[in-house]
Amino acid sequence: MLSFQSSKNLLSLTEDLLVRIYELLAAESDRKSFRLVCREFRRIDTLTRRHLRVIRIEFLPILLRKYPRLQSLDLSACPRIDDGVVSLLLTRVGPGSNSPILGHWAWGLKSLVLSRATGLRFSGLEMLARACPCLESVDVSYCCGFGDREAAALSSAVGLRELNMDKCLQLTDVGLAKIAVGCSKLEKLSLKWCMEMTDLGIDLLCKKCVDLKYLDVSYLKVTNESLHSIASLLKLEVLGLMACPLIDDVGLHFIERGCPSLKVIDVSRCEGVSSSGLIFVVRGHRNLLELKAGYCLSELSTALLHQMKNLNHLEVIRIDGARISETSFQVISANCKSLVEIGLSKCLGVTNMGIMRLVSACINLRVLNLTCCHSITDAAISAIAYSCRSLVCLKVESCNMITEKGLCQLGSFCLLLEEIDLTDCCGVNDKGLEYLSRCSELSCLKLGLCTNISNKGLSYIGFNCLKIHELDLYRCTGIGDDGLEALSNGCKKLRKLNLSYCNEVSDRGLGYIGRLEELSDLEMRALHKITGVGLEAVAVGCKRLADLDMKHCEKVGDSGFWALAYYSKNLRQINLSYCGISDMALCMVMGNLSRLQEAKLVHLSNCTVEGVELALRACCVRIKKVKLFAPLRFMLSSEILEILHARGCIIRWD
Amino acid sequence: MLSSKNSALESKDNEIFEVEESIAIQSELIKTMATMVNSKAYVNERNQMGCWKQANYHVEQNNKIVDEELSDWESKFFEVDMDDLHELFMAANYLEIESLLNGVAKRVADIIKACMNVEVIRQTFGINNDFAAQQEEEIRKLNSWNHI
């Protein structure tokens with residue numbers, strides 16, 4: 001690679017080849033580097049970029065002008081997007097009479113994510129719907145103030161295929177009717193938690209939007225009548241009915257003869273549903289792919305098991321909380337060999353024998369949930385490891401008979417394992433972690449309450465599991481600074497870390513945490529040895545920190561909080577309850593951190609009432625949720641409480 | 001699926017390759033040319049060999065569909081130096097062999113991913129930085145719009 005003939009380098013490749021390479025760089029960080037290499041590469045990036053996710057709203061106009069071929073725009077992380085901003089983006093003409101109208105980015109836009117954009121209202125939505133003629137997918141979930149006017153605005157996007165209106169709390173049948181009539185091509189609709197919906201709305205929806213393939217009405221108070229209407233949807237493939245309190249077996253009877261294309265059904269937590277109801281569903285749909293019935297069945301009746309013999313294509317089954325008999329294991333393992341995911345969380349009657357029978361038949365298993373199946377031992381784990389080599393996710397929380405022997409088998413055979421939950425498995429020790437670390441694809445590791453692990457065990461993880469994103473060490477009191485050193489050396493991609501109650505961690509350990517540049521979520525409650533020095537190291541180093549919980553870290557002094565206020569510009573949520581922060585520092589933190597949206601400030605012993613009031617005033621423009629010490633309710637001025645209320649901020653009193 | 005008919009392909013260096021027809025058809029170019037009389041494909045000899053080796057392997061494996069083996073073999077195949085990789089890329093592009101193009105592109109993408117920063121990418125591929133200092137600074141600033 002020493003002397004390069006300039007004709008042979010990457011740049012001499014044609015544009016379409018460079019685009020091919022660019023499209024294989026999936027990670028945003030790689031694309032950023034690509035962009036910076038040279039002009040040609042930047043041009044490729046500009047040409048090809050189809051998707052944009054923006055955090056800083058200041059850059060939005062420039063970016064929209066730069067990327068003319070956008071197909072998908074994600075503004076969910078821009079807290080301050082509102083009607084005014086939208087109007088600006090769509091109509092502003094750039095400096096000079098020859099520059100293009102800014103609004104032309106909207107012409108090709110197909111997908112718009114506006115989740116949690118609570119500042120937007122119907123006029124902004126209407127502008128967007130009119131400006132984007134190709135719009136096919138809109139996500140306005142968690143915009144809790146959205147209602148019928150917003151629905152009417154969205155209904156003018158005639159080509160809409162996918163719509164997510166989860167938690168649009170003010171939406172009623174009237175709004176849904178407008179959407180049903182306006183967007184007749186709708187294929188995917190999610191209405192979770194839209195509590196005002198009734199059977200009338202659902203009925204009209206099913207009559208107008210006949211192409212619906214995906215419908216989620218979880219948590220709604222709809223009755224069996226809705227199921228009668230839904231049964232008429234000939235193309236429906238996915239039906240979500242989670243925690244619908246008024247649905248029962250009678251309603252499921254309608255589904256037996258209806259929804260001929262049904263592949264996925266979720267009736268988890270529906271109190272009225274029992275084995276009889278599921279029999280109807282299963283009898284009518286032998287090609288069912290996913291059956292999710294967690295926490296509603298008490299057991300799998302013989303009649304239901306008899307019907308399940310026909311579910312030969314079943315890929316996902318969740319029967320959490322039910323009593324499972326030996327017969328159940330026999331039937332499932334004999335007939336449902338295509339299973340890829342099995343959920344038996346908190347099930348009674350799960351034995352080693354049953355699991356061994358199950359996994360020897362379902363060799364393609366990728367996800368297995370055995371949370372709280374206390375009878376499981378190493379024998380079952382070994383069987384799982386040996387038979388299911390494609391295992392990706394294993395949840396064995398509270399299975400405290402598992403020891404290093406089982407983990408040895410996992411480390412030897414399940415090399416594709418990405419996620420494992422060993423919370424409360426006291427049998428896990430350093431040797432077990434050594435074996436487990438052989439699974440180098442591991443990305444999420446939960447070791448909460450595993451008191452028998454120490455720095456030595458963690459160092460194996462730090463050495464071998466370089467892809468780790470999430471690590472939970474809640475109450476792992478054996479972990480200290482040395483373990484964190486090993487972690488920071490290897491696990492550079494760590495994003496989420498929980499060190500709560502790991503009392504041995506001191507400032508030195510936090511210094512190592514500061515080396516983790518990708519860290520965005522840090523929970524470190526009750527670390528009694530750390531001071532402002534440690535917090536400063538974290539604030540300076542972890543530039544992407546968005547969520548910090550340091551409740552009960554009483555020894556941290558102001559120097560740490562000043563550093564936080566100065567450096568942690570990306571902080572969105574913070575818990576400072578029971579910390580020794582002073583008035584000035586609190587005011588700096590709340591005032592300076594412009595992205596802060598949620599703060600828990602219970603029992604700040606070094607702060608006065610005036611100090612808290614000043615801090616609240618400093619952030620009242622953007623703060624959305626705040627938790628305060630209960631007595632303050634009567635001590636804070638009514639003025640500040642009114643201002644917060646007017647801005648839509650939710651106050652909780654503790 | 002496999003026919004016993006062989007096609008003779010002449011390379012730029014006048015070397016004749018006997019390749020089974022089913023494999024030759026992997027190349028879109030050859031496929032079209034086969035219908036034309038008196039056609040010649042101008043490809044450097046060494047990389048013709050490489051291309052056909054890969055195409056051959058693909059056709060064989062199509063019947064077995066063993067993904068792991070395929071990617072194992074492929075990763076060894078693509079561990080060549082920059083010059084060869086470049087030649088392979090050009091050859092695959094000219095002969096229009098889709099699977100080979102994907103393989104080489106993936107290898108280049110992996111090399112880029114493995115590079116620690118922009119400077120290393122430039123060095124590895126011998127690219128000059130043609131940005132003005134101000135432009136580069138502007139891009140770095142804009143890069144901050146997307147932290148997650």
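The values are calculated or read from the model by the stated rules, or taken from the named source; none is laboratory data. Only a predicted model underlies this, so the values are computations on that prediction, with no experimental measurement involved. Every residue, glycine as well, gets a Cβ built from its backbone with ideal geometry; the counts of neighbours run over all protein chains shown.
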Check your understanding: Could you list, in sequence order, the residues of the stretch A:23-38 that are at the interface with chain B (Cβ under 8 Å from one of its Cβ atoms) and either farther than 24 Å from residue A:493 by Cβ or surrounded by 18 or more Cβ atoms within 10 Å (Cβ to Cβ) (or both)?
Key -> A:25, A:30, A:32, A:33, A:34, A:35, A:36, A:37, A:38
Review point. Is it true that residue A:167 is crowded, with 18+ Cβ neighbours inside 10 Å, on the phi > 0 side of the Ramachandran plot and among the basic types (Lys, Arg)?
Key: yes
Check your understanding: Going by the conditions given, is residue A:468 buried (at least 22 other Cβ atoms within 10 Å of the Cβ) and closer than 21 Å to residue A:366 by Cα?
Key -> yes
Practice item. Filter the stretch A:198-211 down to residues that are part of a loop (DSSP other than H, G, I, E, B) and either farther than 19 Å from residue A:224 by Cα or in contact (Cβ under 8 Å) with a residue 60 or more places away in the chain (or both), then give me how many there are. Key: 3
Review point. Within the stretch A:434-456, how many residues are farther than 17 Å from residue A:469 by Cα and touching a Lys or Arg at 6+ places or on another chain (Cβ under 8 Å)?
Key: 2
Check your understanding: Looking only at residues in the stretch A:549-575 that are of a type in the set (A, V, I, L, M, F, W, C) and assigned to a helix (DSSP H, G or I), which one is farthest from the chain's Cα centre (by Cα)?
Key -> A:562
Point to revise | In the stretch A:500-548, residue nearest to the other protein chains (Cβ to nearest Cβ) [restricted to those that are of a type in the set (Asp, Glu) and in a helix (DSSP H, G or I)] | key: A:536
Exercise for review: Sort through A:539, A:526, A:546 and tell me the only one that's within 19 Å of residue A:591 (Cβ to Cβ), over 21 Å from the mean Cα position of the chain (by Cα) and touching a residue at least 12 places away in the same chain (Cβ under 8 Å).
Suggested key: A:539
Check your understanding: So, of the residues in the stretch A:44-56 that are farther than 20 Å from residue A:110 by Cβ and within 7 Å of another protein chain (Cβ to nearest Cβ), which turns out to be surrounded by the most Cβ atoms within 10 Å (Cβ to Cβ)?
Key -> A:55
Exercise for review: Determine if the stretch A:611-619 includes at least one residue that is within 26 Å of residue A:78 (Cβ to Cβ), part of a helix (DSSP H, G or I) and among the charged types (D, E, K, R).
Suggested key: yes
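Yes or no, residue by residue, for (1) within 10 Å of chain A (Cβ to nearest Cβ); (2) under 23 Å from the mean Cα position of the chain (by Cα); (3) in a helix (DSSP H, G or I):
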{"position": "B:90", "(1), (2), (3)": "yes, yes, yes"}
{"position": "B:93", "(1), (2), (3)": "yes, yes, yes"}
{"position": "B:110", "(1), (2), (3)": "yes, yes, yes"}
{"position": "B:120", "(1), (2), (3)": "yes, yes, yes"}
{"position": "B:130", "(1), (2), (3)": "yes, no, no"}
{"position": "B:134", "(1), (2), (3)": "no, no, yes"}
{"position": "B:142", "(1), (2), (3)": "yes, no, yes"}
Study note, to complete from the structure: Apart from one, (1) of a type in the set (Val, Ile, Thr); (2) assigned to a helix (DSSP H, G or I); (3) touching a Phe, Trp or Tyr at 6+ places or on another chain (Cβ under 9 Å) all hold for residue A:461; the odd one out is (3)
Review point. Of the residues that make up the stretch A:591-606, is at least one over 27 Å from the mean Cα position of the chain (by Cα), under 27 Å from residue A:57 (Cα atoms) and modelled with pLDDT under 95?
Key: yes
Check your understanding: Which condition number does residue B:114 fail, the rest of (1) more than 9 Å from chain A (Cβ to nearest Cβ); (2) surrounded by 18 or more Cβ atoms within 10 Å (Cβ to Cβ) being met?
Key -> (2)
Practice item. Please state which one of A:41, A:59 is without any contact (Cβ under 8 Å) to a residue 12 or more places away in the chain and either within 12 Å of another protein chain (Cβ to nearest Cβ) or outside any loop (DSSP other than H, G, I, E, B) (or both). Key: A:59
Exercise for review: Kindly establish whether residue A:378 is more than 20 Å from residue A:474 (Cα to Cα) and among the acidic types (Asp, Glu).
Suggested key: yes
Practice item. Could you tell me whether the stretch A:210-232 includes any residue that is small (Gly, Ala, Ser) and surrounded by fewer than 19 Cβ atoms within 10 Å (Cβ to Cβ)? Key: yes
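Conditions tested, residue by residue: (1) modelled with pLDDT under 90; (2) in contact with an Asp or Glu (Cβ under 6 Å, 6 or more places away or on another chain); (3) more than 26 Å from residue A:243 (Cβ to Cβ).
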position: A:111; (1), (2), (3): no, no, yes
position: A:170; (1), (2), (3): no, no, no
position: A:173; (1), (2), (3): no, no, no
position: A:192; (1), (2), (3): no, yes, no
Practice item. Quickly run through the stretch A:576-603 and pick out the residues that are assigned to a loop (DSSP other than H, G, I, E, B) and either farther than 16 Å from residue A:623 by Cβ or of a type in the set (Lys, Arg) (or both). Key: A:578, A:579, A:580, A:581, A:582, A:595, A:603
Check your understanding: Which one of the conditions (1) at pLDDT below 95; (2) surrounded by 24 or more Cβ atoms within 10 Å (Cβ to Cβ); (3) not polar (S, T, N, Q) does residue A:248 fail to meet, given that it meets all the rest?
Key -> (2)
Practice item. Take residue A:151 and decide whether it is surrounded by fewer than 21 Cβ atoms within 10 Å (Cβ to Cβ), small (Gly, Ala, Ser), touching a Gly at 6+ places or on another chain (Cβ under 7 Å) and not in a loop (DSSP other than H, G, I, E, B). Key: no
Revision key, fill the gap. Across the stretch A:68-81, the tally of residues that are at pLDDT 80 or above and within 11 Å of chain B (Cβ to nearest Cβ) stands at 2
